[in-house]
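Below: one structure, written as structure tokens.
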Amino acid sequence: MKQKLVEVKGLSLFQGDTLVVSDINIDMHAGEMIYLVGKVGSGKTTLIRTLYGDLPIRSGDILVEGESVANLPKKHLPNHRRKMGIIFQDFHLLRDRNVYDNLDFVLAAVGWKDKQERKERIEAVLEQFTLLHKAHFFPSQLSGGEQQRVALARAVINDAKIILADEPTVHMDAASNRELMSLLSELCKAGKLVVVSTHN
């Protein structure tokens, strides 16, 4: 039986004071790809942001590996987010750092102290996403598809069990879109829980 990683229990989502969706109940397991599909403003991004603790829970709860997000003390939020790799709509790459340094920043931030171990992990992930030859390029020197692959590499660099992808193909052409979805599918086959929000 696949491990349950996330349990959404009676969750209501709000945008400001407006109730968007109520009484959401979902079990999410390792090795699953779950799509959140709906038009703009239907609460997809709100749910993603609530999963990683960026928005407070007003009603209901989310359990991540059995731990309540609603009752999570603020000081435990960094540990909670380390369980997740997040792919944002607009990449969120650090524009003043090259690809290698974008990934190194993440590993250092989550506690990888050994520089050689970080280097080996970064090179392995860049190889996985066919980006090793772009390691010293800055985001502005990359195509939209390449930037999205870097964003995906950043999401998996810490070997998180849960990948959250918020409208990951919104700025991509059809070919890049297919490539990214294929990469996400491979992660899913490797046992990750992949949650993708999309209006497409």
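The values are calculated or read from the model by the stated rules, or taken from the named source; none is laboratory data. Predicted model, so just to flag it, every value in this text is computed and none were measured. So basically every Cβ, Gly included, is an ideal-geometry build from the backbone, and we count neighbours across all protein chains shown. These area figures cover heavy atoms from the full protein model, side chains too; ligands, DNA and RNA do not enter into them. Shrake-Rupley method; radii C 1.70, N 1.55, O 1.52, S 1.80 Å.
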Practice task
Would you check if Ile62 is over 12 Å from the mean Cα position of the chain (by Cα) and part of a strand (DSSP E or B)?
Solution key: yes
Practice task
Confirm whether Gly85 is of a type outside the set (A, V, I, L, M), over 17 Å from Ile48 (Cβ atoms) and within 18 Å of the chain's Cα centre (by Cα).
Solution key: no
Fill in the blank from the handout: Within the stretch 1-55, of all residues that are in contact with a helix residue (DSSP H, G or I) (Cβ under 9 Å, 6 or more places away or on another chain) and free of Cβ contacts under 8 Å to residues at least 12 places away in the same chain, the one surrounded by the most Cβ atoms within 10 Å (Cβ to Cβ) is Leu55
Practice task
May I ask you to list the residues in the stretch 78-111 that are open to solvent by less than 60 Å² (accessible area, probe 1.4 Å) and part of a loop (DSSP other than H, G, I, E, B)?
Solution key: Lys83, Phe88, Phe91, Leu93, Leu94, Asn98, Val110, Gly111
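Residue-by-condition table, conditions (1) open to solvent by 20 Å² or more (accessible area, probe 1.4 Å); (2) out of contact with any strand residue (DSSP E or B) (no Cβ under 8 Å at 6 or more places or on another chain); (3) basic (Lys, Arg); (4) within 30 Å of Lys2 (Cα to Cα):
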residue: Lys113; (1), (2), (3), (4): yes, yes, yes, no
residue: Phe129; (1), (2), (3), (4): no, yes, no, yes
residue: His136; (1), (2), (3), (4): yes, yes, no, no
residue: Leu142; (1), (2), (3), (4): no, yes, no, no
residue: Gln148; (1), (2), (3), (4): no, no, no, yes
residue: Val156; (1), (2), (3), (4): no, no, no, yes
residue: Pro168; (1), (2), (3), (4): no, no, no, yes
residue: Ala175; (1), (2), (3), (4): yes, yes, no, no
Practice task
Those residues that are at pLDDT 90 or above, basic (Lys, Arg) and surrounded by fewer than 18 Cβ atoms within 10 Å (Cβ to Cβ), I need them from the stretch 177-192; list them, please.
Solution key: Lys189
Handout entry: Subset of the stretch 65-77 that is open to solvent by 50 Å² or more (accessible area, probe 1.4 Å) and assigned to a loop (DSSP other than H, G, I, E, B) - its residue that is farthest from Gln147 (Cα to Cα)
Key = Asn71
Practice task
Return yes when Met28 is under 15 Å from the mean Cα position of the chain (by Cα) and closer than 18 Å to Arg81 by Cα and no when it is not.
Solution key: yes
Exercise for the section: All but one of (1) at pLDDT below 90; (2) under 22 Å from Ile48 (Cα atoms) hold for Glu146, so report the exception by its number. Expected result: (2)
Practice task
Inspect the stretch 159-166 for any residue being part of a strand (DSSP E or B), charged (D, E, K, R) and out of contact with any His (no Cβ under 8 Å at 6 or more places or on another chain) and give the result as yes or no.
Solution key: yes
